[in-house]
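The values are calculated or read from the model by the stated rules, or taken from the named source; none is laboratory data. Fair warning: this is a prediction, and the values are worked out from it, not measured in the lab. A quick note on method: Cβ atoms are made from the backbone with ideal geometry, for glycine too, and the neighbour counts reach across all protein chains shown. These accessible areas exclude ligands, DNA and RNA; they are computed on the full protein's heavy atoms, side chains included. Shrake-Rupley method; radii C 1.70, N 1.55, O 1.52, S 1.80 Å.
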There are 2 protein chains.
Amino acid sequence: MANETIPYKIYLEESEMPRYWYNVRADMKNKPAPLINPATHEPMSASDLAPVFCDELIAQELDNDTREYPIPQEILGFYKMYRPSPLVRAYCLEEKLQTPAKIYYKFEGNNTSGSHKLNSAIAQAYYAKKQGLKGVTTETGAGQWGTALSMACAYLGLDCKVYMVKVSYEQKPFRREVMRTYGASVTPSPSDTTSIGRKILAEHPGTTGSLGCAISEAVEVATSTPGYRYVLGSVLNQVLLHQSVIGLETKIALDKYGIKPDIIIGCAGGGSNLGGLISPFMGEKLRGEADYRIIAVEPASCPSFTRGVFAYDFCDTGMVCPLAKMYTLGADYIPAPNHAGGLRYHGMSPVLSQLYHDGYMEATSVPQTKVFEAAEFFARSEGILPAPESSHAIRVAIDEALKCKETGEEKTIVFGLSGTGYFDLVAYQKFNDGLMDDYIPTDEELQESFSKLPKVD
Amino acid sequence: MANETIPYKIYLEESEMPRYWYNVRADMKNKPAPLINPATHEPMSASDLAPVFCDELIAQELDNDTREYPIPQEILGFYKMYRPSPLVRAYCLEEKLQTPAKIYYKFEGNNTSGSHKLNSAIAQAYYAKKQGLKGVTTETGAGQWGTALSMACAYLGLDCKVYMVKVSYEQKPFRREVMRTYGASVTPSPSDTTSIGRKILAEHPGTTGSLGCAISEAVEVATSTPGYRYVLGSVLNQVLLHQSVIGLETKIALDKYGIKPDIIIGCAGGGSNLGGLISPFMGEKLRGEADYRIIAVEPASCPSFTRGVFAYDFCDTGMVCPLAKMYTLGADYIPAPNHAGGLRYHGMSPVLSQLYHDGYMEATSVPQTKVFEAAEFFARSEGILPAPESSHAIRVAIDEALKCKETGEEKTIVFGLSGTGYFDLVAYQKFNDGLMDDYIPTDEELQESFSKLPKVD
């Protein structure tokens with residue numbers, strides 16, 4: 001079954017691991033639009049952002065020019081605890097599909113956070129520590145980001161305060177316990193620990209919370225507690241910078257075996273996984289050195305690339321953060337309650353939004369039952385139970401491989417398997433019981449949401 | 001922090017992976033006592049076992065002489081999907097402990113079953129398929145073995161019927177859903193699908209089931225359904241044979257870097273993980289080629305090595321299986337309900353029992369709160385959330401490393417990290433909430449249990 005020259009799993013030696021992050025903005029002709037102040041519509045400066053974010057992270061956020069950032073030695077040490085991640089040749093999947101396509105996936109799930117989120121969590125925690133801070137705050141919904149941040153803070157001896165949407169706190173106690181085991185304090189949001197939380201509790205005593213409210217609480221605590229800053233796991237430019245380690249490792253591994261991908265596929269929520277995976281390949285494309293088909297895959301129920309608008313919008317539903325120019329469904333947009341496949345964010349990384357706008361990548365959306373069918377097929381073929389998010393990429397990789405089967409083309413497909421589904425079994429159960437259905441928003445719903453976008457010239 | 005010559009993680013090349021399993025029985029002067037028929041007390045022959053087990057597995061079970069079993073090509077292919085597993089140098093743990101000891105762990109948790117169980121599941125499923133069977137049956141408690149077997153059967157296109165103890169079926173729905181996602185049928189036991197299940201349900205309508213009952217149901221279905229056999233995930237000689245891949249990989253990796261361990265530590269329930277890890281080292285010890293301290297770690301609440309008796313006993317509480325000579329607490333022994341740390345089996349692998357009886361290894365028991373303290377310390381140092389079972393080995397590895405800190409000795413400690421704790425968060429929650437306590441059986445309880453052992457000359 002196996003091609004003798006390519007192993008099932010390509011692990012880089014530690015000496016081959018990337019020693020810098022790649023900043024794709026340096027190679028973009030059209031830079032991503034700056035974050036702007038919601039009141040003045042002026043670009044946010046470093047000093048505007050300083051009360052909220054760590055200083056070095058702000059510098060990274062605003063830097064559109066430096067191509068390579070050396071990865072600090074301490075972060076390299078932490079990376080070695082769970083990286084390099086394997087680039088897997090999906091021999092078994094290929095055989096089950098009977099496709100001439102060669103399929104590879106970069107697997108980021110082999111760590112306790114269960115996803116790629118740790119790559120940026122450790123970086124952000126490191127810079128907070130370096131700045132002499134006592135701790136960081138953040139919000140979490142399903143809990144992957146919160147888990148990753150808890151792990152990073154435990155390693156560095158940094159305090160970690162996580163505001164977890166109350167309904168998730170109550171319904172997903174296992175993620176919460178992982179965070180507590182790593183020493184994080186986890187507070188159900190809204191809570192009485194913040195003024196915004198108390199206000200919301202007074203107005204809506206029975207509320208189960210929202211991501212927007214959790215962000216507001218986390219930002220309030222960060223800005224009002226000496227020695228604390230707020231950190232975020234996706235969307236931001238700095239996060240894509242850290243996540244470039246995924247793509248760099250992938251490229252080194254492919255180059256080592258002389259493999260050139262034809263198609264690169266990643267799931268897209270806020271863009272951290274996709275942006276990280278494609279970075280060095282996109283760089284080659286931007287510099288005219290190579291060409292690749294790059295495909296972003298999003299859920300049909302939350303289709304920001306494929307049905308959103310490219311406009312300034314709030315990053316959070318609580319509307320306390322700066323405005324970002326991005327593909328968005330509107331900050332109020334919430335996927336239907338039956339949506340179990342993750343990737344619920346209304347917007348998209350400004351970097352990826354600009355690249356998509358400029359025609360450097362494609363996007364497609366898939367309904368969730370098709371996503372879980374692909375997830376199950378993949379699990380039974382390759383052994384790994386994938387995260388619902390990652391399974392969006394699996395769906396399209398399988399579809400492209402099946403096209404190759406029809407045409408006889410031996411294309412090389414690389415996709416990002418960003419995480420495992422061990423904490424998503426409620427969704428799998430729904431699928432296994434035949435109770436999962438699809439939801440696609442109507443044009444009217446989206447227009448209604450777009451009408452509430454902030455007016456920015 | 002890092003010793004430059006030893007990487008954080010030693011991954012073998014695929015070409016370096018072991019191509020045979022090692023049968024430690026071939027080097028034992030005192031062979032493990034044979035399984036005997038509970039009625040006649042005669043040794044079980046291959047034909048006695050044929051209605052229950054697959055033919056080739058019976059041959060492996062009874063073969064005390066063949067030293068090396070070539071691993072079939074198809075199994076090597078499956079192994080490559082998730083093996084080699086990393087041998088990790090615990091630099092971060094060493095630093096947090098400030099110990100001169102050098103600590104390594106063999107990590108078997110990076111696959112969807114979450115443990116080493118897959119190593120034997122794929123082998124057993126393979127031989128069932130090769131025999132032309134339609135499917136296999138098994139029982140599962142917490143669900144790791146059932147998950148592993150489901151994955152193996154999905155890969156090979158074999159039907160898999162799992163009888164899951166009813167209380168686990170209801171309280172641990174996530175493991176159940178993983179098995180269903182891999183296409184297994186999972187039946188809460190006792191059920192109305194078997195005569196023994198119906199009998200128990202009639203006698204005890206409200207029962208939440210037991211492992212003994214689940215075994216009885218799985219064996220009944222295997223022996224009464226054409227084309228089916230029963231498979232088991234621990235205790236048996238064949239399982240230790242397959243699990244030798246853990247130790248063989250460990251030894252190859254250590255040899256590659258010229259490392260000779262002083263102490264080898266593993267947790268012990270039925271013995272599959274410990275037996276696999278120590279196999280090749282024990283072989284050297286038996287042949288007089290090297291010496292190692294080998295330590296089995298068991299929970300204080302289920303101390304078969306340290307407080308059990310070496311005697312013939314039933315392998316199952318349902319008493320339908322042959323008798324095995326082993327260290328046992330009595331087939332009726334059930335750890336206290338507050339025991340959350342796994343390793344609940346009343347007996348122990350006959351191979352390990354004989355080796356322990358003959359003085360080739362040590363055993364120690366640890367209370368569960370100390371185990372979870374070690375688990376948390378390890379998670380915060382090394383990033384991986386360990387299984388409670390594996391954390392027994394972590395506890396003793398840390399204790400040995402702390403002894404080195406006192407004496408200044410630079411001992412090399414290798415322990416088995418057999419799995420992850422992602423599905424054990426109810427236990428972690430209990431620990432995090434300070435609600436976990438210890439239970440140690442009294443001598444009277446154990447004597448009462450021993451008095452029910454079958455009388456065998």
> If you go through region A:421-440 one residue at a time, do you hit one that is farther than 24 Å from B:V186 by Cα and either open to solvent by less than 30 Å² (accessible area, probe 1.4 Å) or among the basic types (K, R) (or both)?
Replying inline: no
> So which of B:I200, B:I103, B:I122, B:I196 ends up being assigned by TED's automatic domain parsing to the domain that holds B:E389 and of a type in the set (V, I, T)?
Replying inline: B:I103
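Restricting region B:369-398 to residues that are touching a Pro at 6+ places or on another chain (Cβ under 8 Å) and facing another protein chain (nearest Cβ under 10 Å), which is farthest from B:M436 (Cα to Cα)? Give the derivation first.
The first filter runs over region B:369-398 and keeps only residues touching a Pro at 6+ places or on another chain (Cβ under 8 Å), leaving B:371-372, B:375, B:378-379, B:392, B:394.
From the residues that got through so far, the ones that are facing another protein chain (nearest Cβ under 10 Å) too are B:372, B:375, B:379.
On the way: B:F372: 9, B:A375: 14, B:A379: 18 Å.
Selected residue: B:A379.
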> Looking at region B:300-314, is at least one residue crowded, with 22+ Cβ neighbours inside 10 Å, part of a helix (DSSP H, G or I) and at pLDDT 95 or above?
Replying inline: yes
> Could you say which residue among A:A214, A:A202 is modelled with pLDDT under 95 and open to solvent by less than 10 Å² (accessible area, probe 1.4 Å)?
Replying inline: A:A214
> Which is hydrophobic (A, V, I, L, M, F, W, C), more than 11 Å from chain B (Cβ to nearest Cβ) and under 18 Å from A:N110 (Cα atoms), of A:L87, A:L49, A:L35, A:L76?
Replying inline: A:L87
>> Restricting to region A:149-162, name every residue that is more than 14 Å from A:I75 (Cα to Cα) and open to solvent by less than 10 Å² (accessible area, probe 1.4 Å).
In response: A:S150, A:C160, A:V162
>> Only one of B:Q144, B:Q98, B:Q60, B:Q124 is touching a residue at least 12 places away in the same chain (Cβ under 8 Å) and on the phi > 0 side of the Ramachandran plot. Can you tell me which?
In response: B:Q98
> Consider A:P18 against the criteria (1) out of contact with any Pro (no Cβ under 7 Å at 6 or more places or on another chain); (2) more than 14 Å from chain B (Cβ to nearest Cβ); (3) more than 30 Å from B:M17 (Cα to Cα): it satisfies all of them except one. Which criterion is unmet?
Replying inline: (3)
>> Which count do you get for residues in region B:373-397 that are open to solvent by 10 Å² or more (accessible area, probe 1.4 Å) and in contact with an Asp or Glu (Cβ under 9 Å, 6 or more places away or on another chain)?
In response: 2
>> Looking only at helices (runs of 4 or more DSSP H) that lie completely in region B:109-200, which have at least 3 residues being facing another protein chain (nearest Cβ under 9 Å), out of contact with any strand residue (DSSP E or B) (no Cβ under 8 Å at 6 or more places or on another chain) and closer than 16 Å to B:V239 by Cβ?
In response: none
> Residues in region A:46-86 that are more than 20 Å from the chain's Cα centre (by Cα) and among the basic types (K, R): how many?
Replying inline: 2
> Do we have any residue at all in region A:400-422 that's part of a helix (DSSP H, G or I), within 12 Å of chain B (Cβ to nearest Cβ) and among the charged types (D, E, K, R)?
Replying inline: no
>> Please verify whether B:E289 is modelled with pLDDT of 95 or more, surrounded by fewer than 22 Cβ atoms within 10 Å (Cβ to Cβ) and part of a helix (DSSP H, G or I), treating the condition exactly as stated.
In response: no
> Can you spot a residue in region A:272-285 that is of a type in the set (D, E, K, R), on the phi < 0 side of the Ramachandran plot and in contact with a strand residue (DSSP E or B) (Cβ under 8 Å, 6 or more places away or on another chain)?
Replying inline: yes
>> Taking the conditions exactly as written (in contact with an Asp or Glu (Cβ under 6 Å, 6 or more places away or on another chain), in contact (Cβ under 8 Å) with a residue 12 or more places away in the chain and either of a type outside the set (F, W, Y) or open to solvent by 10 Å² or more (accessible area, probe 1.4 Å) (or both)), does B:I413 satisfy them or not?
In response: yes
> What number goes with the only condition from (1) assigned to a helix (DSSP H, G or I); (2) touching a residue at least 60 places away in the same chain (Cβ under 8 Å); (3) open to solvent by less than 10 Å² (accessible area, probe 1.4 Å); (4) of a type in the set (A, V, I, L, M, F, W, C) that A:V219 does not pass?
Replying inline: (3)
> Here are A:S390, A:S365, A:S353: which of them is at negative phi, outside any helix (DSSP H, G or I) and in contact with a strand residue (DSSP E or B) (Cβ under 8 Å, 6 or more places away or on another chain)?
Replying inline: A:S365
